[in-house]
1. I'd like to compare 31-38, 71-78: which one has the highest average count of other Cβ atoms within 10 Å, and what's the full order after that?
2. So I have [x] 44, 44, 25; [y] 130, 12, 9; [z] 30, 27, 25, and one of them is Cα extents along the principal axes in Å calculated from this model. Which one is it?
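Only the coordinates and a few stated rules stand behind these numbers; no lab work does. In this text the structure is predicted, and so the values were computed from the model without any measurement. Here Cβ is always computed from backbone atoms with ideal geometry, including for glycine, and neighbour counts include all displayed protein chains.
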Amino acid sequence: MQEKRGSRKKRIGIVISDKMDKSRVVRLVRTTQHPFYKKVVKRFKNIMVHDEKNEAKVGDTVRVEETRPLSKRKRWRLVEILKRA
């Protein structure tokens with residue numbers, strides 16, 4: 001009997017670096033409330049994304065999906081480009 005694989009995480013972010021071959025750095029932005037001051041603040045995380053065809057450029061909004069480890073820091077892959085810069 002096969003167990004159903006858990007669904008993979010999907011995120012939307014903005015490409016901030018395209019200087020590497022087949023790799024992009026994508027900034028993920030989330031908003032959270034400060035625990036004491038209750039002000040809404042932005043939190044950022046930069047992730048390495050595998051881009052097989054070198055399609056994404058700086059400023060593009062992209063959808064990424066979690067995948068198996070592709071290198072030391074790459075655990076995400078590009079699914080689609082939502083908006084060009």
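1. Numbers: 31-38: 7.9, 71-78: 15.8.
So the order, starting with the most tightly packed, is 71-78, 31-38.
2. Correct label, based on the coordinates given: [x].
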